[in-house]
Amino acid sequence: MALTGLEIYKLLPKTNCKDCGFPTCLAFAMKLSQKATELDKCPSVSDEAKTTLDAAATPPIKLVAIGSGERAFEIGNEVVLFRHEKTFYHQPGLVVRVKSDDPQLAEVAGRVAGYEVERVGIKLHLDGLAVEHAGGDAAAYAAAVAAARAAAPGLPLVLISGDAAAIDAALSGGAAADRPLVHAATAANWQAMADVAAKHGCPLAIRAEAGDLAGLVDLSENVRGAGVEDLMLDPGTAGLAGDLAAFTQLRRLALKKGARALGYPIVAVAGGATWQAELARATQAVAKYAGVVIIDHLVPAAVYALLTLRQNIYTDPQKPIQMEPKLYEVGSAVPDSPVLITTNFSLTYFTVAGEVDGAGTPAWLLVADSDGLSVLTAWAAGKFDAEKIAKTVKDSGIESRISHKKLVIPGHVAGLSGEVEEELPGWQIMVGPRDAVDIPNYLKNVWGA
Amino acid sequence: MTVVEIPVEKWPGAVREVTLGSSYGGGTRTSTVTVGGETVQPFLGFEGALPHRPALAVEIVDMEPGDWSPELVATWGKDLSDPAKWATRAVEEGADLIALKLRSCHPDFGDRSVTDACDTVDRVLAAVGVPLIVYGPGTADQDNEVLVAVAEATKGEQLALGLCTEKNYRTIVAAALGNGHLVIAQTPIDVNLAKQLNILIGDMRLPLERVLMDPTTGALGYGLEYTYSVMERLRLAALMGDAMTQLPMICTPGEEAWRQKEGRAAADVPEAWGELAERGVSWEVTTAMTLLEAGADILLLRHPASVSVLREALDDLTKGA
């Protein structure tokens with residue numbers, strides 16, 4: 001946990017020698033607490049102080065990478081319990097589980113690797129494939145993993161088996177190069193699992209049963225003692241209530257109690273009997289603290305929903321997603337369709353576009369560059385004025401695509417209509433509703449009239 | 001033996017308990033629904049009380065909704081044209097309560113009379129025994145006219161009347177106050193606006209035990225994260241003791257999810273979107289489930305399959321509580 005300036009000051013020599021470049025040790029401590037300078041600027045700092053400060057600088061939840069190459073992903077390094085307190089940094093990997101004796105294994109691997117969907121201009125993907133050891137010996141498991149790798153080269157993997165020899169065979173067969181997550185070391189097999197993970201340099205999940213956090217602490221200490229550095233935690237619960245309690249407790253213990261043994265990202269095994277039940281469980285896991293979410297059903301609609309949710313929850317609340325400022329077509333707009341203008345705050349855009357779409361009247365929607373501010377805020381900040389509106393209209397090329405010259409501006413900036421008319425000679429400026437929800441009514445009764 | 005001390009958070013505040021429906025004093029309900037009462041964050045039963053599980057309402061309309069998703073139309077079939085039958089089936093599908101929207105009084109959707117609206121409410125009340133939420137046609141003026149008449153005609157039923165907004169709260173609150181009903185106070189995704197409206201309602205002497213707050217739902221992919229964080233902040237403020245946030249929250253994931261392209265488009269969409277039947281339910285379930293995690297107390301849903309998934313999820317989340 002981060003130390004305050006005063007806590008750091010107590011660890012410094014307090015000689016005010018100025019060798020660090022600051023006038024006093026206190027000033028230096030303050031800068032250190034803001035991470036504005038480095039401890040090694042101090043020539044006479046004690047080893048004890050160094051150790052303490054290093055420990056304090058270690059993130060409370062370790063950053064763990066799974067996979068190698070372009071599709072590798074990182075999880076952990078989270079610092080808050082609620083996204084509004086700062087943001088959630090590393091979105092959970094969404095992984096599909098398949099059994100090693102499944103005749104469809106290679107096909108599923110290919111589908112997982114190839115799934116792609118676009119939202120707000122961002123391409124979203126599944127993150128990996130979990131191959132669960134089912135039937136067959138170590139060699140059979142290694143062959144299945146090799147088949148998955150061949151079908152989906154570069155796709156991060158999770159190797160699930162209780163048999164360390166099977167994991168070893170798969171990793172030795174080449175999978176180690178992909179740096180898969182090994183799942184899982186338990187009280188029964190931790191020594192052998194830790195040895196295999198350490199030997200191949202792979203991250204290792206530790207699994208207790210029924211939310212036994214003390215069991216996880218023991219396992220954590222044991223496998224770290226055996227040389228494994230990158231861990232993930234699977235509290236081994238079944239169901240929503242158990243997951244939520246255990247995941248919340250793990251996050252709090254790591255962030256608020258500085259529990260080093262539990263300072264690792266969480267694996268949620270969300271597989272359910274039906275894809276719907278699984279979706280509910282995976283939804284909770286995405287919202288509440290999972291680092292990897294393992295699902296069993298490759299249902300495109302559910303996967304699309306989960307990837308969208310992940311994007312929503314992991315959007316930085318301080319930096320809302322902005323829409324590209326340009327001309328958008330809602331429905332199949334034609335030359336005599338209405339032209340509406342709004343700002344490029346994504347929520348503003350989606351609200352307006354949603355209402356226009358719901359109205360059933362195809363329309364042209366112009367989005368002005370307001371630095372991601374909503375209409376009223378942008379107007380107050382001078383980022384959505386008559387000049388900006390006129391410039392957006394001119395730059396968009398809308399004029400050549402319509403048979404009229406009417407522009408609907410948001411009701412909140414009704415006062416701008418005269419100025420906009422001056423900036424856009426020949427255009428008729430119409431004042432739309434203040435709230436997006438009134439757009440359908442407006443398009444029907446005012447525009448259509 | 002390693003012992004892990006579980007961090008337990010104790011909060012000074014609690015959410016108010018709000019009861020919908022009444023079986024006496026003019027009320028004819030055979031069951032009531034009480035929500036709220038939480039003294040902890042959602043579903044953290046290991047550290048405090050969760051006396052009431054969130055309730056699932058199914059949304060019905062007093063006229064065949066021509067603009068609903070084809071998937072919903074196919075699912076409800078001919079029940080769509082008869083609110084009493086629709087309500088009955090919704091209860092069979094697992095609804096704890098019914099949310100009836102009196103849309104046909106809207107000038108664009110039939111412009112039917114207030115008397116017709118009261119008739120419909122009567123028929124639905126007669127068809128089912130569960131509590132009722134009644135929404136007006138959706139504009140502040142019409143809502144006033146319709147909801148006042150409904151409130152008077154159903155005195156004592158303890159309906160929840162919506163929407164009560166900054167524009168029309170005086171009329172709606174007065175109608176609730178005089179006839180033993182509740183109000184649904186809606187504000188646009190903002191903690192302070194929600195508090196402000198609750199203060200105004202409280203100033204009119206409507207006990208806050210008769211107010212539900214609707215923080216405005218953004219669907220998955222369409223602002224869900226804003227609703228999610230505002231609800232988390234409202235609930236944390238309530239637990240910390242801010243009286244004006246200590247109201248149960250009601251959310252509309254059904255309407256918002258099924259309104260989006262993901263809930264409506266059967267063709268001309270990317271293959272990765274999957275089939276409409278699965279996509280619409282996925283959108284509704286994911287939106288609803290996320291809102292539950294943020295503290296939703298009542299969810300308004302549209303598809304029976306979503307009701308059943310959410311019911312199962314709630315069974316699990318409230319196990320042993």
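All of the numbers you see were taken from the coordinates with simple rules; none came from a lab. Note that this is a predicted model, so its numbers are computed, not measured. Counting neighbours? That spans all protein chains shown, and the Cβs are built from the backbone with ideal geometry, glycine included.
Structure notes:
- A:Gln318 versus A:Ala134: modelled label distance in nm, points set 7 Å from Cα along the beta carbon direction: 4.6 nm
- Pairwise centroid distance, computed over Cα atoms, of region A:32-79 with region A:194-230, Å: 21 Å
- A simple count of charges around A:Gly69, restricted to other residues whose Cβ falls under 15 Å of its Cβ and scoring Lys, Arg +1 and Asp, Glu -1, yields -1.
- Distance between modelled label sites at A:Ala273 and A:Asp54, nm, 7 Å Cα→Cβ extension: 5.2 nm
- Helix axis angle, A:47-57 relative to chain A longest principal axis, alpha carbon, degrees: 50 degrees
- Within a straight-line Cα-Cα reach of under 27 Å, A:Lys14 can be paired with the following lysines, leaving aside sequence neighbours fewer than 8 residues apart in one chain: A:Lys31, A:Lys35, A:Lys41, A:Lys50.
- Backbone HN-Hα couplings from phi across region A:372-377 [Karplus 6.51/-1.76/1.60, Hz, Gly and Pro as x]: x, 9, 6, 4, 5, 5
- Compactness relative to 2.2 N^0.38 Å, alpha carbon Rg of region A:5-57: 0.96
- Mean per-residue shielding of peptide B:227-235 is 3, counting Cβ atoms of other chains within 10 Å of each Cβ.
- Max mean-square fluctuation residue, GNM over chain B, Cα-Cα springs under 10 Å, options B:Gly180, B:Gly45, B:Gly77: B:Gly77
- Its Cα centre serving as origin, region A:5-57 has a Cβ charge dipole (Lys and Arg +1, Asp and Glu -1) of approximately 240 debye.
- Three-way shape label, region B:17-317, alpha-carbon gyration tensor, a/c 1.5: rounded
- Chain A: most fluctuating residue of A:Thr343, A:Thr377, A:Thr37 per GNM, C-alpha cutoff 10 Å: A:Thr37
- For region A:275-299 and region A:169-190, distance of Cα centres in Å: 23 Å
- Look at where the Cα atoms of region B:150-213 and of region B:303-317 average out, and the two centres are 28 Å apart.
- Size of charge dipole - chain A - debye, nearest 20, with Cβ of Lys, Arg +1 and Asp, Glu -1, no other charges: 840 debye
- A helix-only calculation puts chain A at -11500 deg cm²/dmol for mean residue ellipticity at 222 nm, using -39500 (n - 2.57) for each DSSP H run of at least four residues, averaged over all residues.
- q = 0.07 Å⁻¹: log10 I(q)/I(0) that the Debye formula gives for the protein assembly as shown, counting C-alpha atoms only: -0.58
- Across B:Ala149, B:Ala117, B:Ala219, mean-square fluctuation computed from a Gaussian network of chain B (C-alpha pairs under 10 Å connected) peaks at B:Ala149.
- Residues B:Ser23 and A:Asp47, FRET efficiency given R0 of 56 Å [Cβ-Cβ distance, rounded to 0.05]: 0.15
- Only helical runs count toward this figure. For chain B, summing -39,500 (n - 2.57) over DSSP H runs of n ≥ 4 and dividing by all residues gives -12500 deg cm²/dmol at 222 nm.
- On Cα atoms only, tilt of A:190-200 relative to the major axis of chain A in degrees: 70 degrees
- Taking the C-alpha atoms only, the angle from helix A:213-225 to the longest principal axis of chain A is near 70 degrees.
- Inter-chain Cβ neighbour count for A:334-347, averaged per residue, equals 1 (cutoff 10 Å, partner chain atoms only).
- Cα gyration tensor shape for chain A, rounded if a/c is under 1.5, else prolate or oblate: oblate
- Inter-site label distance for A:Lys199 and A:Glu221 at 7 Å from Cα along Cβ, in nm: 2.7 nm
- Pairwise FRET efficiency - B:Glu64 versus B:Arg170, Cβ, R0 = 45 Å, nearest 0.05: 0.85
- Residues with amide H under 5 Å from that of A:Thr24, placed H, sequence gap 5 or more: none
- Segment A:Asp395-A:Glu422, extension gain: residue separation times 0.36 nm, minus the distance between their alpha carbons: 8.0 nm
- Karplus-derived HN-Hα couplings along region A:164-172 (A = 6.51, B = -1.76, C = 1.60, θ = phi - 60°), whole Hz, x at Gly and Pro: 4, 5, 5, 4, 4, 4, 5, 5, 5
- Long-range HN-HN contacts of A:Asp230 with modeled amide H, under 5 Å: A:Leu204
- Partner lysines for A:Lys406 [C-alpha distance under 29 Å; skip if fewer than 8 residues away on the same chain]: A:Lys326, A:Lys383, A:Lys388, A:Lys391, A:Lys394, A:Lys444, B:Lys261
- Look at the stretch B:260-271: the mean tally of other chain Cβ atoms within 10 Å of its residues' Cβ atoms is 2.
- Cα-centre dipole for the protein assembly as shown with unit charges at Cβ (Lys and Arg positive, Asp and Glu negative), debye to 20: 1440 debye
- Listed peptides A:315-327, B:13-25, B:298-310 by packing density, highest first (mean Cβ within 10 Å): B:298-310, B:13-25, A:315-327
- Net +/- balance of residues flanking A:Ala166 in space, Cβ distance below 15 Å, scoring K and R +1, D and E -1: -4
- Our coupling estimate for region A:330-342, obtained by passing each phi through the Karplus curve with A = 6.51, B = -1.76, C = 1.60 and θ = phi - 60°, is 9, x, 8, 5, 10, x, 9, 6, x, 10, 10, 10, 8 Hz, Gly and Pro reported as x.
- Residues in region A:297-334 reached by a label modelled at A:Glu116 [backbone nitrogen below 11 Å; 7 Å Cα→Cβ]: none
- Ranking B:Val128, B:Ser308, B:Ala219 by how far each Cα lies toward the positive end of the dipole of the protein assembly as shown (charges on Cβ) leaves B:Ala219 at the top.
- In terms of its alpha-carbon gyration tensor, region A:327-447 comes out rounded; the largest-to-smallest axis ratio a/c stays below the 1.5 threshold.
- Pairwise FRET efficiency - A:Ala238 versus B:Thr115, Cβ, R0 = 45 Å, nearest 0.05: 0.25
- A dipole drawn for the protein assembly as shown from +1 and -1 charges on Cβ atoms has a positive end, and of B:Ala294, B:Val114, B:Val73 the residue lying farthest that way is B:Ala294.
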